[in-house]
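Everything below concerns the one structure shown next.
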């Protein structure tokens with residue numbers, strides 16, 4: 001069947017199309033170029049509508065043990081955001097930590113078609129994938145956390161060659177069915193288990209003869225040499241600490257020019273100026289990003305209201321537990337692998353620190369020049385739930401609205417921010433870049449994020465409204481793999497997604513080494529750690545789609 | 001491993017018979033024609049495995065009379081369609097079984113509770129109320145230098161805990177031979193298992209009901225408050241002072257308990273006292289709690305319920321909405337008060353306690369492993385396979401972090417819970433239309 005989307009205004013930055021009227025054609029789940037004279041079986045009249053590829057969230061905590069702990073700790077989130085069963089959709093709501101079903105429905109209702117869980121503990125990868133398999137409407141994927149696991153730190157301490165590290169990294173991607181590698185507070189989660197409360201980029205680990213810089217250099221090199229498309233995904237040291245701009249810049253330098261992605265960089269862009277010893281370092285960080293083409297970032301924008309912080313960074317979560325609101329918090333040391341911390345939090349616009357965090361995030365968005373290197377995230381739910389994206393988009397596109405909001409926050413924070421002087425307003429094309437084209441490119445997903453023939457027909461159609469928040473909150477139509485799944489902001493068809501992975505080659509001899517380590521120190525067998533493709537499809541319920549790597553010579 | 005081929009799991013078979021989920025088991029042909037036997041694992045596992053292997057495939061029953069599976073499914077679907085306040089209990093099943101249970105519960109507007117939820121909620125209410133600091137099995141295995149065990153039944157309820165976690169052959173950071181073990185609990189019943197006794201543990205006799213007070217007292221001692229160490233009659237103050245000193249001096253103290261043993265009212269407050277003690281210790285050193293659970297899949301059912309609905313167990317789906325009432329939706333109370341008009345009891349693995357399904361006054365549908373004893377003749381009994389024996393699956397072990405793959409060792413043609421419920425859902429879907 002040939003379907004025609006006729007007359008819409010197309011925003012497809014990957015092809016350089018910026019708001020041109022064109023027709024699109026869908027057949028068998030893909031965008032196609034029909035033969036001349038071929039008649040469509042069905043036509044949607046999209047004159048006056050905005051058409052983009054389905055949106056891609058490259059950093060959103062939607063699955064895994066820490067999310068389920070947060071759900072357990074916050075039944076009030078369910079009570080406040082109840083979502084009743086319909087003929088099509090399942091019971092279960094929540095906003096800050098929605099049920100898996102609610103997360104899938106809400107994402108689709110905002111025009112998102114793919115999302116990535118950025119903190120998959122290798123030992124918890126099964127759960128992350130099971131939760132994401134139960135998140136309908138979306139294709140999903142995960143980044144496996146390394147850099148605090150005792151095996152990597154032991155290998156590095158022994159001085160093994162980069163080839164061995166590369167094999168271990170590639171094996172981890174395969175065994176955990178992930179698409180990227182993330183490092184969280186490099187070495188810091190591990191150091192906290194030895195009772196260290198802080199670990200700076202060049203500080204020696206309390207047990208291993210290593211620094212975070214060593215870990216960053218080694219892992220970024222492994223990811224690059226294996227040809228994994230997504231750069232090392234870095235949650236830097238010293239999250240949330242005033243003055244952490246210094247360690248953020250050191251983190252960038254540690255990659256030594258290799259590709260590096262700094263996630264939720266807002267939380268890492270703080271100065272220690274002023275009476276309160278807390279200030280914006282957005283200008284410094286933005287300038288560093290602008291000068292270094294190897295660096296990409298996502299912002300982790302703070303939006304005001306109740307949320308919960310879920311993180312692998314036990315060292316920093318423990319340090320921040322006294323800010324918990326409501327007053328409850330959890331930290332876990334996990335499997336000589338990593339950890340997790342869950343601290344509920346309420347960002348208040350009249351609180352100096354929170355208000356400045358909000359302003360810093362927006363400053364970063366507006367001062368990083370290249371929209372291909374900055375991604376729209378709230379680090380869901382750490383800065384705010386993903387449902388706040390439409391408002392965030394308005395803050396970026398509408399200077400008047402932004403300044404109105406600025407006038408309402410803590411005045412001391414507002415006075416310390418240069419946000420009011422930033423005149424930039426994002427264009428639709430730039431929004432399309434940062435929410436579609438760029439995430440697809442940086443993740444190596446050639447099959448999505450654009451609207452060229454051959455792409456998956458993941459397409460979102462918006463009404464052209466004066467208020468961008470209204471536009472992006474409630475799409476007119478969403479197609480997932482060519483099927484119409486959302487109409488006027490409501491799910492009309494439920495579909496299941498697949499897990500997106502990469503599979504770089506490695507020398508299988510590494511399994512012998514890892515297996516011996518498991519036998520000696522772990523409480524699970526290696527054979528039961530690794531997740532097979534059969535298990536993904538038949539047991540977990542989300543078959544894999546493998547994306548190519550481009551291995552470099554070493 | 002997730003596989004239906006037993007040849008692929010030598011030495012890697014996962015045991016579903018306690019919360020440790022030991023995954024290093026092997027099966028081999030038994031003597032004569034006894035079928036497969038477990039060649040390693042603990043005595044509990046070998047006994048449970050042998051019992052399961054001895055049973056046949058069973059047969060579907062209506063009111064105790066053998067019927068075809070189709071007839072049983074049709075009758076059960078009719079009961080479910082007619083029910084106005086169904087209760088889905090037991091919930092001893094794997095991840096995919098629980099996924100199917102939740103889909104059906106959503107369709108039927110059912111309440112959900114696990115057979116072992118009393119124990120589950122002693123821990124869960126603490127996590128929900130204040131949070132906690134915990135560690136997982138491998139972390140404890142490699143790092144603990146002081147292990148404080150609450151109660152007396154931990155070694156019996158988790159037979160290989162000592163070998164696999166508390167006193168392993170070797171460890172990364174804390175030499176097993178130098179670890180200090182302290183048991184804080186009743187002196188009786190019976191002697192400790194040999195491997196525990198060999199570690200020469202310090203025994204501090206405390207009645208279970210006094211544990212919460214001891215926890216509070218220890219917190220006071222650690223904080224340097226002017227508490228009287230001998231304030232609890234029958235508990236040696238000098239020993240508690242010594243313990244407080246050890247806890248403060250440990251690099252990584254671990255406090256562990258089996259919630260199932262703490263079977264007295266408001267035991268969650270006991271759990272909370274020690275969870276808060278652990279948090280106190282973390283101000284200056286490192287410490288973690290290790291709550292022991294996972295038996296009969298309580299964590300498995302609860303995890304899936306939590307991610308799919310946003311609420312833990314003891315929640316319901318009436319009128320197409322989720323509601324969560326941990327104090328009201330205890331299945332024993334609902335059945336005793338006649339608040340349910342249908343019980344669907346799901347139990348794919350044997351339990352020692354309770355040994356039989358509830359004798360409910362309302363009609364009951366049982367999806368049970370072959371040989372499951374029923375407290376009252378159910379309207380419908382449908383035999384289901386055991387996860388890990390009759391079909392592959394996933395199973396959460398005690399730390400709730402590592403869902404392990406279960407394998408399969410035989411094929412009697414038994415359907416899984418997921419398979420049977422899938423068929424019930426299909427029939428209900430047809431009815432609705």
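Overview of results
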read-out	value
Contact order relative to length of chain B, as percent, for alpha carbon pairs under 8 angstrom and 6 or more apart	26 percent
Computed label-point distance, nm, for sites residue B:188 and residue B:321 using a 7 Å Cα→Cβ extension	5.2 nm
Potential lengthening between residue A:198 and residue A:30 on full extension [0.36 nm per residue; Cα-Cα distance subtracted]	55.5 nm
P(r) weight above 27 Å for chain B, C-alpha pairs, percent	54 percent
Virtual paramagnetic centre 7 Å along Cα→Cβ of residue A:2, amide N under 18 Å, in the range A:32-47	A:32-46
Virtual spin-label span in nm between residue A:546 and residue A:39, 7 Å along Cα→Cβ	4.4 nm
Cβ crowding within 10 Å averaged over residues, with A:396-407, A:352-363 ranked highest first	A:352-363, A:396-407
At R0 = 35 Å, FRET efficiency that the Cβ-Cβ distance of residue A:464 and residue A:162 yields, to 0.05	0.10
For chain A, share of DSSP beta bridges that run antiparallel, in % to the nearest 5	55 percent
Degrees between helix B:211-223 axis and first principal axis of chain B (Cα, 0 to 90, nearest 10)	40 degrees
Separation of the residue B:170 and residue B:356 label points, Cα + 7 Å toward Cβ, nm	5.3 nm
Average beta carbon contacts from partner chains per residue of A:533-542, 10 Å cutoff	4
Principal-axis tilt of helix B:237-249 within chain B, Cα atoms, nearest 10 degrees	80 degrees
Calculated FRET efficiency for the pair residue B:63/residue B:202, C-beta based, R₀ 60 Å, to 0.05	0.60
FRET efficiency, residue B:339 to residue B:50 (Cβ-Cβ, R0 41 Å, nearest 0.05)	0.55
Gyration tensor (alpha-carbon) shape descriptor, the protein assembly as shown, a/c threshold 1.5	oblate
The range B:134-281, relative contact order [Cα under 8 Å, separation at least 6], %	29 percent
Degrees, to the nearest 10: B:117-129 long Cα axis against longest axis of chain B	60 degrees
Stretchable slack from residue A:447 to residue A:404, in nm (0.36 nm times residue separation minus alpha-carbon distance)	11.5 nm
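Coordinate-derived values only; no laboratory data. Because the structure is a prediction, the values reported are computed rather than measured. Reconstructed Cβ throughout: ideal geometry from the backbone, glycine too, with neighbour counts over all protein chains shown.
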